[in-house]
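Shown next, in structure tokens, is the structure this report addresses.
Read-outs: derived from the displayed coordinates by stated rules, not from any lab. Nothing here was measured: the structure is a model prediction, and the numbers come from that model. Quick reminder, even Gly has a Cβ in these numbers, built from the backbone with ideal geometry, and neighbours come from all protein chains shown.
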Amino acid sequence: MRFFYENKGLSILAEYNDRLAFGAHLHNHIELVYMIDGRVKVLVDSLEYVASTGDAIIVFPNQIHQYQKIGRENCFLSIFPRDLCPEFQNIFKYKLPISPVIKNASDNKRILPLIDSIVETHKKKPAYYDNLIKGYFLSLLGELFQEVQFKETKSSDGDTIKAVLNFCSENYTQNIKLETIAQALHISRSYISHLFCEKLHMGFSEYVGTLRISDACKLLASQDMSITEVSYAVGFNSTRSFNRLFLKYTGMTPREYRRKGKQNKS
């Protein structure tokens, strides 16, 4: 997964996952996580929560969110367009969850069978896939929304932060600095720095680092590029800096990450 402003079109992600995203990002899709086992810290629109085994997390379109590792993570992760469930459009458009974490979602015994059906259907793509996947997601959201309290949406400086994140996503492989963004978007350097600290709880350089490491994870998992080639492709000037930052964010070296990915596929 890439950690920035994402426009995912009509794609659907539905999988079991043991590594959640670690950097701040936002996109125009619904993001749903169910914690099968473990704990994770989640920050949504600058507020911090903890989700544990049996909890669910739901993030609405264009909410800035990130996950921070606490311990092991074994979860269901899905990212899907709001258009998949037009029956809930008024909720997605005009409301937000008061808390993104739905505690003890596992108490509802219909949740896990629906998740299993979504993953299996998405993987096998049977006949009438579109109808089946929509039906399962409608049912899952209907069950979860019974436990969610909503509030009306309010305008904020979200457009500015989206513009900043989008600029970063398009240029993070280059040697970008705060001054680069300030000049390109005609926003003061100090205000951009303030947005990163207030909305993302990290500095600009740290955020760019998460973008690069995120992209590196994808390349290590899907390409035959050498580790040195990957480090330069995502914007690092030296493999030493790349290895150090990769270890900091993922808890393993690039080589270990690639090896683990191959083991999971086998």
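Amide H of Thr153: which non-local residues (sequence gap of 5 or more, or other chain) have their own amide H closer than 5 Å, using H built in the peptide plane?
Sorted by chain and number, the residues that satisfy this are Lys95, Leu96.
Using the Kyte-Doolittle scale, which helices in the chain average at least -1.0 and also have C-alpha atoms spread 18 Å or more along the helix axis, with helices defined as whole DSSP H runs?
Numbers: long enough: 111-124 (20 Å, 0.30); 129-145 (23 Å, 0.62); 158-171 (20 Å, -0.01); 204-222 (28 Å, 0.46).
Within the chain the helices that satisfy the rule are 111-124, 129-145, 158-171, 204-222.
Based on alpha-carbon positions alone, could you give the equivalent ellipsoid semi-axes of the stretch 5-152 from the gyration tensor, as √(5λ), descending, whole Å? Don't jump to the answer; show the numbers that get you there.
Values: eigenvalues 90, 65, 48 Å².
Sorted largest first and rounded, they come to 21, 18, 15 Å.
So what is the 222 nm mean residue ellipticity for the chain from helices alone, if each DSSP H run of at least 4 adds -39500 (n - 2.57) and you divide by all residues, rounding to the nearest 500 deg cm²/dmol?
Details: 10 runs with 116 residues, N = 266.
Only helices count here, giving -13500 deg cm²/dmol.
Which order do Leu144, Leu32, Leu47 fall in if you start with the one that has the fewest other Cβ atoms within 10 Å? Could you put the intermediate results ahead of the total?
Details: Leu144 19, Leu32 24, Leu47 11.
Going from sparsest to densest Cβ surroundings: Leu47, Leu144, Leu32.
If you stretched the chain out fully between Arg72 and Glu198, how much longer would it get, using 0.36 nm times the residue separation minus the C-alpha to C-alpha distance?
Values: separation 126, 0.36 × 126 = 45.36 nm, distance 2.77 nm.
Gain on extension, Arg72 to Glu198, equals 42.6 nm.
Along the Cα→Cβ direction, 7 angstrom out, place labels at Ser188 and Gln89. What is the inter-label distance in nm?
The answer from the label model is 4.1 nm.
So if I place +1 on the C-beta of Lys and Arg and -1 on the C-beta of Asp and Glu, and nothing else carries charge, what would the dipole magnitude of the chain be about its Cα centre? I want it in debye, nearest 20.
Numbers: 34 positive and 28 negative charges, 150 e Å.
Charge dipole, the chain, about its Cα centre: 720 debye, nearest 20.
Between Lys262 and Tyr49, what is the FRET efficiency for a Förster distance of 35 Å, r being their Cβ-Cβ separation, to the nearest 0.05? Don't jump to the answer; show the numbers that get you there.
Values: r = 34 Å, r/R0 = 0.96.
It comes to 0.55.
Once you have a ≥ b ≥ c as the square roots of the Cα gyration tensor eigenvalues for the chain, tell me rounded if a/c is under 1.5, and otherwise prolate or oblate according to whether a/b is larger than b/c. Each step should come with its number before you reach the end.
Working: a/c = 1.83, a/b = 1.27, b/c = 1.44.
Because a/c hits 1.5 or more and a/b fails to exceed b/c, the chain counts as oblate.
At Ser139 and Ser222, where each label point lies 7 Å from the Cα along Cα→Cβ, what is the point-to-point distance in nanometres?
It works out to 3.1 nm between the two label points.
What FRET efficiency comes out for the pair Asn171/Lys109, r = Cβ-Cβ distance, R0 = 45 Å, nearest 0.05?
Details: r = 48 Å, r/R0 = 1.06.
Once the sixth-power term is evaluated, E becomes 0.40.
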